[in-house]
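Student: Quick one: structure below, then a few questions.
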């Protein structure tokens with residue numbers, strides 16, 4: 001255990017004693033995040049192929065692929081209700097194991113409605129594991145350690161975006177769309193196995209208060225604080241912008257004048273690589289320069305990148321994607337870590353509320369920006385994302401610490 005971590009007598013139920021070394025602990029946390037969320041955005045790399053497969057518009061296919069965010073929002077709220085009654089290890093392992101079922105079935109989904117329904121089920125499983133892991137990290141480590149551990153978790157999320165898209169594009173291009181989903185189902189099982197090995201089992205933290213009353217009490221306590229309300233809303237804005245950018249830019253890249261091929265489209269997502277290096281610095285940046293200042297800087301970086309996405313040159317568009325990815329992931333790490341530290345009661349509920357808001361932003365962004373894209377084209381989609389980032393910057397003024 002690191003020097004600043006609390007002693008085993010004061011740790012909540014689910015410390016990671018098998019990953020006690022700081023570097024090893026960060027690697028394990030990052031891997032669990034990677035294997036939890038690798039399915040979330042992988043399908044975006046093959047959106048044009050899926051659009052042709054089901055014979056639908058880009059907006060319809062984008063909404064179906066991102067339907068997983070609806071399941072994640074629902075699951076986040078459900079886990080917020082039941083968090084204190086769920087054994088962290090059992091909950092995480094079961095969620096990841098069950099995730100393999102809809103992932104496998106996606107390989108043979110007969111129509112768009114079935115595809116969307118299976119994506120919703122995927123989202124329910126992913127968010128359950130994600131929320132329980134974040135709650136665990138907030139409970140198991142002292143505040144000075146938790147920021148770094150959460151940053152490691154978000155870095156695993158970044159890697160899942162990058163590697164997941166690369167794998168999806170490469171496998172689909174060489175072996176077909178079905179083989180891509182089978183590979184991700186195998187990764188889901190690997191994630192369940194890793195969580196089983198590295199997270200100790202302990203009794204769930206039950207409550208004498210009825211679950212519904214406890215939930216409402218915790219929600220009222222969190223929503224009564226303007227800084228937490230702002231953090232939840234910022235989470236909504238972050239995924240709204242991220243989904244809008246990285247869903248519909250796929251179609252822009254495939255069309256003239258950029259004309260990127262299917263395999264090259266997967267390689268485009270190397271733009272996430274800088275985010276792998278910058279995201280772990282979020283906690284240190286907030287401590288040194290201030291939370292609000294760091295958040296504003298991250299959103300400004302994303303806004304500058306957004307403007308470059310309107311350029312007719314591939315090098316400028318790729319630079320813009322690097323900046324949007326770096327800015328939004330950095331902002332996500334800041335907001336996620338802030339919620340874990342700022343919540344003084346029932347961190348499981350706070351994490352669930354944040355993630356429900358975060359993933360709701362993804363669903364709304366997919367639906368609203370998809371309509372803008374279908375009806376008015378890419379510039380209108382970019383304009384909608386710009387308004388969203390401006391709103392996030394206004395909300396950041398309410399954050400404290």
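The values are calculated or read from the model by the stated rules, or taken from the named source; none is laboratory data. On a predicted model such as this, the values are computed, not experimentally measured, just so you know. Quick reminder, even Gly has a Cβ in these numbers, built from the backbone with ideal geometry, and neighbours come from all protein chains shown.
Student: Please enumerate the residues belonging to segment 222-238 that are closer than 13 Å to residue 291 by Cβ and at pLDDT 95 or above.
Tutor: Matches in segment 222-238: 234 only.
Student: In the set 325, 320, which member is surrounded by 20 or more Cβ atoms within 10 Å (Cβ to Cβ), within 22 Å of residue 380 (Cα to Cα) and at pLDDT below 95?
Tutor: 325
Student: Here are some residues: 335, 343, 302, 286. Which one is buried (at least 22 other Cβ atoms within 10 Å of the Cβ), in contact with a helix residue (DSSP H, G or I) (Cβ under 7 Å, 6 or more places away or on another chain), within 19 Å of residue 33 (Cβ to Cβ) and touching a residue at least 24 places away in the same chain (Cβ under 8 Å)?
Tutor: That would be 335, the only listed residue that is buried (at least 22 other Cβ atoms within 10 Å of the Cβ), in contact with a helix residue (DSSP H, G or I) (Cβ under 7 Å, 6 or more places away or on another chain), within 19 Å of residue 33 (Cβ to Cβ) and touching a residue at least 24 places away in the same chain (Cβ under 8 Å).
Student: Considering only residues that are in a helix (DSSP H, G or I) and touching a helix residue (DSSP H, G or I) at 6+ places or on another chain (Cβ under 6 Å), look in segment 254-264 and name the one that is nearest to residue 313 (Cα to Cα).
Tutor: Checking each candidate, the answer is 254.
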